[in-house]
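Asks: Before I ask anything, let me first share the structure, which is written out below as structure tokens.
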Amino acid sequence: MKKTISGLLAVSLLASAPWSSALAQAPNPNYVTPIEEKDGSKFNTENYDFAKFSEIGVKLQEIAKSSKRIKVEVTGESADGFPLYVVTIADTKSQSKFGENKALREQMIKNPEKAQEWIKKNKDFKVPIMINGSIHGTEFIGSDAVLQLIERFAKDNDNETKKILDNNILIFNVVANPDGRVDATRFNGEGIDLNRDFITQSQPETRQMVDLITEWNPMVFLDTHGYVKNYAPNKQGLIEPCTPPHNPNYEYDLYNKWAYGQAEAMESSIMKNKAQFKGDLYKNMTGTYVPQRDDEAGWDDYPPIFTPMYAMYHGAYGHTLEAPTNDEDGVKWMYDAIMGALNYSTTNKQEMLNDQIEIFKRGINFDHPYHEEGFFPEAYVLPVDEKDPTVTEKAVNHLINNDIDVVLATKDFTADGVKYAKGSYIVNLNQAKAGLANTMLWDGEDITDDTPSMYDISAWSLPELWGFKANPVKTKFSVSTAKVKEVDGQGSVTGKGPFVIPNSSVQAVELVNTLIQQGVNVRRDNKGNFYVSGSAKAISSAVKASGLQIESGVTPVDAKKLTKLKVALLEDGGMNKQQTHAGMNLALERLGFEVTELTPVEVAKSGLKGYDAFIYNGTENLISTKLSAANLEFGFQNADQFTAFKKNVDSFVKDGGKFIAAGAGASRAAKTLGLTNATVQIGDPNSNGIVNVDYDGTGVTAGYGQDDIGFVYRPTWYGGVEENEILATYDESDFFLAGHWKGNEKATSQPVIIRENDADVTLIGLEPAFRDHTDYLFRLISNALYTN
């Protein structure tokens, strides 16, 4: 939820100041007052006097007033409304050629051969280097190092500084997560880990970063983090590149040709200044931990959810940098690492840029020498559901926002023997960023046998998890097309009613809830479809905004009237540096439900009176009575509170309240609370992926069918369940489609969604609301809420 912040930066800074007068007309902004900011996190083993967010805007203005090299902008706002500062630094001579340098970046992805020829003949060009400060709020050292670098490159005139500025344009995203820095949390104000958000881009901070990357196509991208120490004896901190598996959609040979050398250059820069560190940890270090060099598995770059990995699809040599400690030594480690990268890229600028352009050339020429023939299809065709085009339209806009070319078929056509209608969208893969297009649209792969473990998710197919069709075409075809710049679909109502809203998408459910809140009569049948009474005029405005095409129909006699629901969601304030309920909160808001987040202590003290439903989606530690000191503020302070919580939830369910548990932790909690007799089985905690599920297709699973899609993270299934309590099972064989799950055969045909016979208690072993990845599964939640 958005907080009301008294210290927002003045809007006048949102406008981009010209180089010659960068912040010359500085506004008089109001800032967050120091009392609103936390001094540190209990999860950090060290703490120091880091730069508070309220001080950073002032500091940037002071630097800008004393330098003509620097441009300070506010390019957006965080989820909580804080300014997102971007600083660009270039020497004064190159500022007059700024347009020329940007033109080169555009030429790289339109005519890469011409761009390569140009840089051979013109040595006096600048390359953009992008540095991301503290995307995790508690990793304070990143932004502190960034501030020191900004001051140096804005003011200093030593030979090293001048040489770097002679060859590079430096772009700093100063504080990538202001909310987290203010509140001393890893996540932003919506509870989302921004460094897991780059495939879905659900948050404003992520979208701002995407805009920066697509604007600049940086040659190098450095992402500042902490804290890693002793991953190998006396090797302190971490510098990527990563261990296998590497995503097959990269042109990894070109990336690794320079990324590994750049990592060693960063390590060398740190070690060169070893004597200047204060702590023994640093004085005794023999180097840094480079996962690719020092390990075999466990720190991979496979999913495009991380910032540097996402930047790699735009041709960047991307690196995560993990400082060892949260103190001044950690700041110095980060500063020295970044200086090592800047010097390396300066020395190797010509060759590194040529190979970055080569990535784009391979895409345009459909020439991928290190990929098996046929790995990249010729194109994807995205047919459109005429009644509910909203999911496909969302996907098309998402692709376009990520610098992927999409065209619209202006005539009917046939591809791979399949007939497609005029108006279908096409993503041809002979384009510069083919790797990014393919990683977003492919089905993924089962990598269970390729590596013993994965760092995070291993499957993310947008078509499968958002619920739109993207059919790969393996053979060439021709069709008349028009380039798509943006899709702005509007809904319509035809007929005299009653009107049928299909249970087909997030937008459809949101429309239903909007109408209910407006007092419109809405009924729902057992197949999940909705029937609206009233005139077309009364609902036209909401339908138009929804993007759905609504027609008249006949209301079934068994369709039940829906009423406005009050939903309580158990809040995870930040256990183990996560808000495990945040994805569910996001899903419920997007579905249009009225949601109240309640902490475990609030439920224990006040109960659930006045609510229709209580949803638990998060770690089982939310009801634990054995919490660490850092976690204690988010859970029970004593065992009596657990007893009261259990009593209140039990009374709520006995009085007809609805309890929904989603995911492994919630399922275990339901068992602990005595709300289910089922046994809760859980696979390996690092396992995740896309699965085939057989849904019964009614009630809670309405709108889903046999051999349909699900997503698991800490896969869960249930035993000791009566036949009539089972609503969905994993498929009979080979149900695991993509991801990493050792021992998945144990879950074959096992129940994955169940509903108690004697109480309104539903357990979902899937993750239906995972980080905004699983739009397609959100309707399992709305179904469970609507089904009595």
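Asks: Would you point out which residue out of PHE153, PHE198, PHE172 is touching a Pro at 6+ places or on another chain (Cβ under 7 Å) and modelled with pLDDT of 95 or more? Walk me through how you get there before you give the answer.
Replies: Working: PHE153 fails: touching a Pro at 6+ places or on another chain (Cβ under 7 Å); PHE172 fails: touching a Pro at 6+ places or on another chain (Cβ under 7 Å).
The match here is PHE198.
Asks: Small (Gly, Ala, Ser), touching a His at 6+ places or on another chain (Cβ under 9 Å) and either at negative phi or in the same structural domain as SER782 (by TED's automatic domain parsing) (or both) - does that describe any residue in region 455-463?
Replies: The first filter runs over region 455-463 and keeps only residues small (Gly, Ala, Ser), leaving 458-459, 461.
Adding the requirement that they be touching a His at 6+ places or on another chain (Cβ under 9 Å) leaves 458-459.
After this cut, where a residue has to be either at negative phi or in the same structural domain as SER782 (by TED's automatic domain parsing) (or both) as well, the list is 458-459.
Yes.
Asks: Got at least one residue in region 87-106 being farther than 20 Å from PHE221 by Cα, assigned to a loop (DSSP other than H, G, I, E, B) and β-branched (Val, Ile, Thr)?
Replies: Checked region 87-106: no residue is farther than 20 Å from PHE221 by Cα, assigned to a loop (DSSP other than H, G, I, E, B) and β-branched (Val, Ile, Thr).
Asks: Only residues that are at pLDDT 95 or above and outside any strand (DSSP E or B): list them for region 526-538, please. Let's see the steps before the verdict.
Replies: Taking region 526-538 as the starting set, the residues that turn out to be at pLDDT 95 or above are 528-532.
Result: GLY528, ASN529.
Asks: Suppose we filter region 369-418 for residues that are out of contact with any Ser or Thr (no Cβ under 6 Å at 6 or more places or on another chain) and in a helix (DSSP H, G or I); how many remain?
Replies: Residues meeting the conditions: 10.
Asks: Could you list, in sequence order, all residues of region 626-668 that are under 27 Å from the mean Cα position of the chain (by Cα) and not charged (D, E, K, R)?
Replies: Keep residues of region 626-668 that are under 27 Å from the mean Cα position of the chain (by Cα), which gives 630-631, 633-635, 660-668.
Correct list: ALA630, ASN631, PHE634, GLY635, ILE660, ALA661, ALA662, GLY663, ALA664, GLY665, ALA666, SER667.
Asks: For the list (1) touching a Lys or Arg at 6+ places or on another chain (Cβ under 7 Å); (2) among the aliphatic types (A, V, I, L, M); (3) under 30 Å from PRO112 (Cβ atoms), I need the number of the one condition that VAL473 fails.
Replies: Here VAL473 meets the rest and fails (1).
Asks: Now for a different question. Go through region 113-142 residue by residue and tally those that are over 11 Å from LEU353 (Cβ atoms) and either among the hydroxyl-bearing types (Ser, Thr, Tyr) or surrounded by 22 or more Cβ atoms within 10 Å (Cβ to Cβ) (or both).
Replies: Result for region 113-142: 14.
Asks: Still on this structure, please answer the following. Run down PHE530, PHE636, PHE614 and say which single residue is in the same structural domain as VAL509 (by TED's automatic domain parsing) and either touching a residue at least 24 places away in the same chain (Cβ under 8 Å) or among the β-branched types (Val, Ile, Thr) (or both).
Replies: The match here is PHE530.
Asks: Looking at ALA728, ALA759, ALA747 in this structure, which one is in contact with a helix residue (DSSP H, G or I) (Cβ under 9 Å, 6 or more places away or on another chain), of a type in the set (Gly, Ala, Ser), more than 13 Å from TYR695 (Cβ to Cβ) and in contact (Cβ under 8 Å) with a residue 12 or more places away in the chain?
Replies: On the way: ALA728 fails: more than 13 Å from TYR695 (Cβ to Cβ); ALA747 fails: in contact with a helix residue (DSSP H, G or I) (Cβ under 9 Å, 6 or more places away or on another chain).
Of ALA728, ALA759, ALA747, the one residue that is in contact with a helix residue (DSSP H, G or I) (Cβ under 9 Å, 6 or more places away or on another chain), of a type in the set (Gly, Ala, Ser), more than 13 Å from TYR695 (Cβ to Cβ) and in contact (Cβ under 8 Å) with a residue 12 or more places away in the chain is ALA759.
Asks: Out of (1) buried (at least 20 other Cβ atoms within 10 Å of the Cβ); (2) touching an Asp or Glu at 6+ places or on another chain (Cβ under 6 Å), the odd one out for TYR425 is which?
Replies: It is condition (2) that TYR425 fails.
Asks: In the list LEU170, LEU238, LEU222, LEU212, which residue meets the criterion of being outside any strand (DSSP E or B) and either crowded, with 24+ Cβ neighbours inside 10 Å or at negative phi (or both)? Give the derivation first.
Replies: Working: LEU170 fails: outside any strand (DSSP E or B); LEU238 fails: outside any strand (DSSP E or B); LEU222 fails: outside any strand (DSSP E or B).
Result: LEU212 is the single residue among LEU170, LEU238, LEU222, LEU212 that is outside any strand (DSSP E or B) and either crowded, with 24+ Cβ neighbours inside 10 Å or at negative phi (or both).
Asks: Moving to a separate point now. Identify the single condition in (1) assigned to a loop (DSSP other than H, G, I, E, B); (2) in contact with a Pro (Cβ under 6 Å, 6 or more places away or on another chain) that ILE357 does not satisfy, given that it satisfies every other one.
Replies: (1)
Asks: Considering ASN692, ASN686, which residue is at pLDDT below 95 and either of a type in the set (Lys, Arg) or in the same structural domain as GLY765 (by TED's automatic domain parsing) (or both)? Reasoning before the result, please.
Replies: Values: ASN692 fails: at pLDDT below 95.
Checking each option against the conditions leaves just ASN686.
Asks: To continue, here is another question. Kindly indicate the residue of region 268-295 that is out of contact with any Ser or Thr (no Cβ under 6 Å at 6 or more places or on another chain) and acidic (Asp, Glu) and also surrounded by the fewest Cβ atoms within 10 Å (Cβ to Cβ) among those meeting that condition.
Replies: Result: ASP280.
Asks: When the residues of region 539-568 are narrowed to those that are of a type in the set (Gly, Ala, Ser) and not in a loop (DSSP other than H, G, I, E, B), which ends up farthest from PHE614 (Cα to Cα)? Before you say what the answer is, go through the steps one by one.
Replies: Residues of region 539-568 that are of a type in the set (Gly, Ala, Ser), as a first pass: 540-542, 545-547, 552-553, 559, 568.
Next, only the ones that are not in a loop (DSSP other than H, G, I, E, B) stay: 540-542, 545-546, 552, 568.
On the way: SER540: 32, SER541: 31, ALA542: 28, ALA545: 29, SER546: 27, SER552: 34, ALA568: 5 Å.
Filtering region 539-568 for residues that are of a type in the set (Gly, Ala, Ser) and not in a loop (DSSP other than H, G, I, E, B), the one farthest from PHE614 (Cα to Cα) comes out as SER552.
Asks: Also: Which one of VAL543, VAL557, VAL522 is assigned by TED's automatic domain parsing to the domain that holds LYS496 and free of Cβ contacts under 8 Å to residues at least 12 places away in the same chain? Working first, answer last.
Replies: On the way: VAL543 fails: free of Cβ contacts under 8 Å to residues at least 12 places away in the same chain; VAL522 fails: free of Cβ contacts under 8 Å to residues at least 12 places away in the same chain.
Answer to the check: VAL557.
Asks: Okay, next question. Pick out, from region 419-518, the strands (runs of 3 or more DSSP E) lying fully within it that include 1 or more residues that are of a type in the set (Ser, Thr, Tyr).
Replies: Working: elements: 425-428, 471-473, 481-483, 499-501.
Once the strands (runs of 3 or more DSSP E) in region 419-518 are filtered for at least 1 residues that are of a type in the set (Ser, Thr, Tyr), what remains is 425-428, 481-483.
The values are calculated or read from the model by the stated rules, or taken from the named source; none is laboratory data. What you see is a predicted model, and the numbers here were worked out from it, not measured in a lab. Note that each Cβ is placed from the backbone with ideal geometry, even for glycine, and that neighbours are counted across all protein chains shown.
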